[in-house]
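Shown next, in structure tokens, is the structure this report addresses.
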Amino acid sequence: MLKLHFAPNSRAERILWLLEELELPYELNEMAFHPTDLKSDEHRARHPLGRIPVLDDGDIQIWESGAITEYIIEKYKNGGLKPDVQSELFPQYLQWFHYCEGMIMPPMNTIVVHTVLLPPDRRDETVLGQAQRLLTRALEPINEALEGKDYLIGDFSGADIMLGHSCYMSNRMGCVTDEMKNIKAYVERLSSRPAFLKMAEHRPS
């Protein structure tokens, strides 16, 4: 059985959401998003940097949410939740799947560092403001791409697991402007999906 090492409000949510979407059986190792758990010797044996998610599949252990998402879709869904490589939608699928970590997560990581992780006396408002503006600009092409569509390439796909979760978190951080009506509606659709709601049950109340 698949085993997911998980902490809430992190990239690991993508994998738990995907497992629920595909209705795959899994075991969950719930951890605190805190160094006491993530930097423990036990978890460093799974991931040398003490990061999550980590997926165990028998003797296979794999990190990185994008890699895990691709692995699960290919191995357990026979390519489902992604267009065929010959489809005209395949390039767009790849683009939005990777846009997430390439363009959205870097400024989001900076925002988290300067609002949550660093002590108040080490936070830099200038750096924070730059990251917030950069994130908002990076969201604009997504808002345009969603015009007239429910999901990034039309049907729900692995790209929505990756980039959709980042849009959801960006909205929570206040970086999706009111003018980005397509993203606002997109986030509402995603967060209303039964599998997303099931994943969200694991967040602290």
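The values are calculated or read from the model by the stated rules, or taken from the named source; none is laboratory data. These figures come from a predicted structure and were not determined experimentally. Every residue, glycine among them, receives a Cβ derived from its backbone with ideal geometry; neighbour counts consider all protein chains shown.
For the reader, a short list of remarks on this structure follows.
Conditions tested, residue by residue: (1) at pLDDT 95 or above; (2) of a type in the set (A, V, I, L, M, F, W, C); (3) in a loop (DSSP other than H, G, I, E, B); (4) out of contact with any Leu (no Cβ under 6 Å at 6 or more places or on another chain).
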| position | (1), (2), (3), (4) |
| --- | --- |
| 52 | yes, yes, yes, yes |
| 56 | yes, no, no, yes |
| 84 | no, no, yes, yes |
| 94 | yes, yes, no, yes |
| 109 | yes, no, no, yes |
| 112 | no, yes, no, yes |
| 129 | yes, no, no, yes |
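- Residues that are more than 17 Å from residue 166 (Cβ to Cβ) and either of a type in the set (Phe, Trp, Tyr) or in contact with an Asp or Glu (Cβ under 7 Å, 6 or more places away or on another chain) (or both), drawn from the range 48-85: 63, 71, 76
- All positions within the range 174-195 that are crowded, with 16+ Cβ neighbours inside 10 Å and among the hydrophobic types (A, V, I, L, M, F, W, C): 175, 176, 180, 183, 187, 190, 195
- Restricting attention to the range 7-43, the residues that are in a strand (DSSP E or B) and in contact with an Asp or Glu (Cβ under 7 Å, 6 or more places away or on another chain) total 0.
- Which listed residue, of 142, 60, is under 29 Å from residue 38 (Cβ atoms) and either among the β-branched types (Val, Ile, Thr) or surrounded by fewer than 19 Cβ atoms within 10 Å (Cβ to Cβ) (or both): 60
- Test: residue in the range 157-172 that is within 18 Å of the chain's Cα centre (by Cα), surrounded by fewer than 18 Cβ atoms within 10 Å (Cβ to Cβ) and without any contact (Cβ under 8 Å) to a residue 24 or more places away in the chain: yes
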